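All remarks here apply to the structure that follows.
The values are calculated or read from the model by the stated rules, or taken from the named source; none is laboratory data. Remember, predicted model here, so these are calculated numbers, not experimental data. Cβ atoms come from the backbone with ideal geometry, glycine included; neighbour counts cover every protein chain shown. Ligands, DNA and RNA are excluded from the accessible area calculation, which covers all protein heavy atoms including side chains. Shrake-Rupley method; radii C 1.70, N 1.55, O 1.52, S 1.80 Å.
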Amino acid sequence: MNLARMEQSIEAFNQEDAQRVDKLRDWVVGHFDDPAAYSTVDGKLRLIHTILDNGWIEKDETWKLQSLGIAFGDALEQDVEELAWVVVDDEFGRDPALRWLDTNTLTFPLTAISKRVEEGTEFNVVELFIGFKKAVREAVSGAT
């Protein structure tokens, strides 16, 4: 079995990456009567919860579920100041991720929601958020 390390590049968003993420984010923000509500972590998490609880997205609407993943990532980035959006280009494609400072510690919120919904996994958005924060902290403390 070949356990060679996968080639991966981590870069800042280019214009196309930024437009893709903005389109996904805009779909979520469009659900607010007052888009300023998106400015808080709680506002983002409540909206994700509301959309999922009300069944406004079918499990085969991947791009909408990934839109929720971007909102989830925005909440993480806002709450954990050391995280910032980057793009990861590897054998699986080119996807947005959150990176801890200038390290190789990455998390991929884009699919955090979609994978769970598509698999029919029950989850609580706030608990998932707390779990992601904990995992990032553990990865960082283990890397130092």
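A compact table of results
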{"item": "Partner lysines for K134 [C-alpha distance under 21 Å; skip if fewer than 8 residues away on the same chain]", "result": "K44, K115"}
{"item": "Cβ-placed point charges (K, R +1; D, E -1), dipole of segment 49-90 about Cα centre in debye, nearest 20", "result": "240"}
{"item": "Distance cut-off 20 Å, percentage of C-alpha pairs in the chain lying past it", "result": "48"}
{"item": "Förster radius 35 Å - calculated FRET efficiency between A37 and D89 (Cβ-Cβ, nearest 0.05)", "result": "0.60"}
{"item": "Scaled radius of gyration (Cα, divided by 2.2 N^0.38 Å) that segment 42-112 gives", "result": "1.17"}
{"item": "Dipole magnitude of segment 47-141 about its Cα centre (Cβ charges: Lys, Arg +1; Asp, Glu -1), debye to nearest 20", "result": "140"}
{"item": "Bins of 5 Å from zero: percent of alpha-carbon pairs in segment 1-83", "result": "3, 13, 20, 22, 16, 11, 7, 5, 3, 1, 0"}
{"item": "Helix axis angle, 15-29 relative to the chain longest principal axis, alpha carbon, degrees", "result": "30"}
{"item": "Segment 44-109: GluC sites (Glu not before Pro) falling in loop per DSSP and having at most 11 other Cβ within 10 Å", "result": "E58, E81, E91"}
{"item": "Net lengthening on full extension, E16/E118 (0.36 nm per residue, minus Cα-Cα)", "result": "34.1 nm"}
{"item": "Rounded percent of accessible protein surface that carbon and sulfur make up, segment 20-134, 1.4 Å probe", "result": "47"}
{"item": "For the chain, accessible area per residue (1.4 Å probe, heavy atoms of protein chains only), Å²", "result": "60"}
{"item": "Span per principal axis, largest first, for the Cα atoms of segment 77-144 (Å)", "result": "35, 28, 22"}
{"item": "Relative contact order for the chain, counting Cα pairs under 8 Å that sit 6 or more residues apart, in percent", "result": "25"}
